[in-house]
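J.: If you scroll down you'll find the structure; I have some questions about it.
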Amino acid sequence: MAEQVTDATIIAPARTVKYREALNEALREEMQRDPSVFLMGIGIAERGGSYRVTEGLMDEFGPSRVIDTPISEASFTGAAVGAAITGMRPVVEILFVDFALLALDQLINQAAKYRFFTNDAGCVPLVIRTQGGVGNGLAAQHSQSLEALFYHIPGLKLVAPATPYDAKGLLKSAIRCDDPVVFMEHKLLYTTAGDIPTDEYCVELGKADTKRTGSDLTLIAWSNMVPRSLAAAEALAAAGVDVEVVDPRSLVPLDTETILASVSKTRRALIVQEAVRRGGVASDIASIIHEELYGRLAAPARILAGRNTPIPFNLALERACIPQEADIVAAAQALAQG
Amino acid sequence: MYPRATLVDLYRTVYTIRAFENRCIKLYRQGLIRGYFHPYLGQEAIAAGVCAALGPQDYIVSNHRGHGHCIARGADLGRMTAELLGKATGYCGGRGGSMHIADSETGNLGANGIVGAGIPIGVGAALGARIRGEDRVTAVFFSDGASNNGVFPEAMNLAAIWGLAVIFVLENNQYAVSTPVESVTRDPDLYKRGLAYGIESFPVDGNDVVEVYAKSCEAAATCRRGDGPVLIEAKTYRQMGHHVNDPGLYMPRDRLAHYKSRDPVEMAAGRVLALDHSASADLQDIRSVVDTEIEAAVTFATDSPAPCPQQFLERTEGY
């Protein structure tokens, strides 16, 4: 498991980097630190990845550790499993989470179960970097938010960072983790910027971060719903509703302690999820809140989620499927008054 | 021509697999082994011949019909039997059973319940070894059934473009569960598929342990030279149904009889006897010793404790 470094408080001096640059730094630092770390994926070597996350790494580490693959998701993911169980720490890039569906046998039947079958004698230190969510008109096979698929599987860890700080710190921890981690990036976050410390740091898996403190209502969100929820929180503040925003950052393990502490304080919870509502992580978080805090809530926890439909191409239709800032504001206001 | 000791060792392995399977099938029929049990009867020469060509540093990847691979790699018969019985002392502590034994001490990266899934895993083991600069060959065992899964051509292509030290051992036992190979492929010479990926590929008589061994030695040498991967199609025939409870009624009697007349255990004995006509007594001694070892394994397994549910629940909390 990752070394523990105090998170959330950024100690000066800080620098401003983009999300994709933060990920790149994490990969570079871990590859420098540990020769067993190597990268595989489609177009990640010469081209530096479609979202430029692996830019420059082949020049520094050579083609034996930054490996371009054919479009064979099942088999290069399987190869990563084979390398991981024999002492390597592969970081695989699956260009879109939609394509990860081609590799589900290797992720779910193989990677997630190897430690189990070997009675803990073996382990699978594997990171699957992938990205999900709507972009700008990428349609139904390049826009899904599929974290619930992985959330459901014992043996997988699941991370969905929202900021450059979290992206770097969590990726470093994921690479050092001895178990398979699905590392879910968001295509709209790659060019967003934020501060990170100059010194090395890790963010421990399973620790939520309270991105904004408030007293009237807890807004729980991850990935691209975090910046949107923070923006909504500012609008709500202007309207007199003081919102606390909790970002779980890793969904497995899930920091229920921080979530429940916040909801105990505010007595109201709104969970905002880009993924479709049915069978989603938000539903599980809501059930945990209700199970643990029933009777102490001022209102039932509410879920604001993506619509149960494939993602449409047309931008107006796409927007209609995904919680927007105005939707969050409206849902929070209704809940605060309820 | 190989020395007598080599032929005797090959015979011992082939016989051990046969005797282990027969003994454990008996345990299964007694209701002591549960779940799925896919016997390796009829294919013993393949695991024995391939594994004899490997060194201790090499890896193998097994599959659902995997007992023979474990044994040929030198697995502990007691821990194997214990796993089949679901005991705490088994290779998986009772978590896996017949289809999930892995043994890091013998470089056995594991059996698998998903047909074909081990093929890319073996390629990855070879890739890791290459990145570390280690001289290791990885032998991946899979079947004609697996050869029709997409990961076979994908993984073969990965190994080919990266020039990895992988021996793909395609055990063509002619059935994918109950489906005969000729009904699901136009050309039943499956080794030819490797040629399309630009890799050295050839068929062997999978019932003749000496031929399998000879060709596997060549394949391993090819891989160690850096000219891998290699695809070996070992042509054989299952001597039973898909699993212990499958009577295999779809297997034509004359075809089964033909392959039983070319039984791998008898053929292995024949190879020794052809070199040394007076070896019968030695072979009998080997059988007695192996039978005793297997009985000791069964005793160890039956006497072993069951896994503790409480401890299991505690240890799996983090999943």
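The values are calculated or read from the model by the stated rules, or taken from the named source; none is laboratory data. Remember, predicted model here, so these are calculated numbers, not experimental data. Here the Cβ positions follow ideal geometry from the backbone for every residue, glycine too, while neighbour counts run over all protein chains shown.
J.: Looking for whichever is free of Cβ contacts under 8 Å to residues at least 60 places away in the same chain, hydrophobic (A, V, I, L, M, F, W, C) and over 18 Å from B:TYR36 (Cα atoms) here; the options are B:ILE114, B:ILE119. Which one fits?
T.: The unique qualifying residue is B:ILE119.
J.: Given the condition at pLDDT 95 or above, in a loop (DSSP other than H, G, I, E, B) and farther than 30 Å from B:LEU7 by Cβ, answer yes or no: does some residue in the stretch B:293-300 qualify?
T.: No, that holds for no residue.
J.: Kindly provide the set of residues from the stretch B:209-234 that are buried (at least 24 other Cβ atoms within 10 Å of the Cβ) and outside any helix (DSSP H, G or I), ordered by number.
T.: B:GLY228, B:PRO229, B:VAL230, B:LEU231, B:ILE232, B:GLU233, B:ALA234
J.: Tell me whether the stretch A:117-127 contains one or more residues that are part of a helix (DSSP H, G or I) and at the interface with another protein chain (Cβ under 9 Å from one of its Cβ atoms).
T.: Yes, the stretch A:117-127 has at least one match.
J.: Against the condition farther than 30 Å from B:GLN30 by Cβ and out of contact with any Cys (no Cβ under 9 Å at 6 or more places or on another chain), how does B:GLY241 come out, does it pass?
T.: Criteria not met by B:GLY241.
J.: Checking the structure you have, find out if any residue of the stretch A:254-261 is modelled with pLDDT of 95 or more and within 14 Å of the chain's Cα centre (by Cα).
T.: Yes, that holds for at least one residue.
J.: Could you say which residue among A:GLY49, A:GLY87, A:GLY62 is among the small types (Gly, Ala, Ser) and at pLDDT below 95?
T.: A:GLY49
J.: Right, another one. Specify the residue that is surrounded by the most Cβ atoms within 10 Å (Cβ to Cβ); the eligible residues are those in the stretch A:40-80 that are within 21 Å of the chain's Cα centre (by Cα) and within 8 Å of chain B (Cβ to nearest Cβ).
T.: Here the answer is A:ALA80.
J.: Does at least one position in the stretch B:261-268 carry a residue that is without any contact (Cβ under 8 Å) to a residue 60 or more places away in the chain, under 28 Å from the mean Cα position of the chain (by Cα) and assigned to a loop (DSSP other than H, G, I, E, B)?
T.: Looking for residues that are without any contact (Cβ under 8 Å) to a residue 60 or more places away in the chain, under 28 Å from the mean Cα position of the chain (by Cα) and assigned to a loop (DSSP other than H, G, I, E, B), one finds at least one in the stretch B:261-268, hence yes.
J.: Does any residue in the stretch A:315-338 that is without any contact (Cβ under 8 Å) to a residue 12 or more places away in the chain come within less than 6 Å, Cβ to Cβ, of a residue that is of a type in the set (Gly, Ala, Ser) six or more places away or on a different chain, and which pairs are these?
T.: Here the result reads none, with nothing in the stretch A:315-338 linked to a residue that is of a type in the set (Gly, Ala, Ser).
J.: Regarding A:VAL81, is this residue touching a helix residue (DSSP H, G or I) at 6+ places or on another chain (Cβ under 9 Å) and closer than 22 Å to A:SER64 by Cβ?
T.: yes
J.: Restricting attention to the stretch A:81-101, report how many residues are at the interface with another protein chain (Cβ under 9 Å from one of its Cβ atoms) and either in a helix (DSSP H, G or I) or without any contact (Cβ under 8 Å) to a residue 40 or more places away in the chain (or both).
T.: 6
J.: Can I ask one more? Restricting attention to the stretch B:187-202, and to residues there that are in a helix (DSSP H, G or I) and without any contact (Cβ under 8 Å) to a residue 12 or more places away in the chain, which single residue is farthest from the chain's Cα centre (by Cα)?
T.: My answer is B:ALA196.
J.: So, of the residues in the stretch B:132-151 that are buried (at least 19 other Cβ atoms within 10 Å of the Cβ) and free of Cβ contacts under 8 Å to residues at least 40 places away in the same chain, which turns out to be nearest to the other protein chains (Cβ to nearest Cβ)?
T.: Result: B:VAL151.
J.: Could you tell me which residue of the stretch A:135-154 is farthest from A:ILE285 (Cα to Cα), considering only residues that are crowded, with 23+ Cβ neighbours inside 10 Å and small (Gly, Ala, Ser)?
T.: It comes out as A:SER143.
J.: Moving on to the next point. Where in the stretch B:1-93 are the helices (runs of 4 or more DSSP H), entirely inside, with at least 1 residues that are within 14 Å of chain A (Cβ to nearest Cβ)?
T.: Filter on the stretch B:1-93 gives B:67-72, B:77-84.
J.: I've got another one for you. Give the residues of the stretch A:16-39 that are within 14 Å of chain B (Cβ to nearest Cβ) and within 14 Å of A:VAL92 (Cα to Cα), sorted by residue number.
T.: Within the stretch A:16-39, A:MET31, A:SER36, A:VAL37, A:PHE38, A:LEU39 meet the criteria.
J.: Do we have A:ALA139 as more than 14 Å from chain B (Cβ to nearest Cβ), under 30 Å from B:LEU313 (Cβ atoms), at pLDDT 95 or above and not in a strand (DSSP E or B) here?
T.: No.
J.: Look at the stretch B:94-118 and say how many of its residues are facing another protein chain (nearest Cβ under 7 Å), among the β-branched types (Val, Ile, Thr) and crowded, with 24+ Cβ neighbours inside 10 Å.
T.: Looking only at that region, the number is 0.
J.: Would you mention how many residues in the stretch A:258-317 are touching a strand residue (DSSP E or B) at 6+ places or on another chain (Cβ under 6 Å) and either assigned by TED's automatic domain parsing to the domain that holds A:ALA140 or in a loop (DSSP other than H, G, I, E, B) (or both)?
T.: Residues in the stretch A:258-317 being touching a strand residue (DSSP E or B) at 6+ places or on another chain (Cβ under 6 Å) and either assigned by TED's automatic domain parsing to the domain that holds A:ALA140 or in a loop (DSSP other than H, G, I, E, B) (or both): 5 in total.
J.: Filter the stretch B:267-289 down to residues that are of a type outside the set (A, V, I, L, M) and surrounded by 13 or more Cβ atoms within 10 Å (Cβ to Cβ) and give me whichever is farthest from B:ASN22 (Cα to Cα).
T.: B:ASP276
J.: Tally up the residues in the stretch B:157-192 that are touching a Phe, Trp or Tyr at 6+ places or on another chain (Cβ under 9 Å) and on the phi > 0 side of the Ramachandran plot, please.
T.: Of the residues in that region, 1 qualify.
J.: Every residue in the stretch A:224-256 that is polar (S, T, N, Q), surrounded by 22 or more Cβ atoms within 10 Å (Cβ to Cβ) and in contact with a helix residue (DSSP H, G or I) (Cβ under 8 Å, 6 or more places away or on another chain), please.
T.: A:SER229, A:SER250
J.: A further question follows. When the residues of the stretch A:19-39 are filtered to those that are surrounded by 15 or more Cβ atoms within 10 Å (Cβ to Cβ) and among the basic types (Lys, Arg), which remaining residue is nearest to the chain's Cα centre (by Cα)?
T.: A:ARG20
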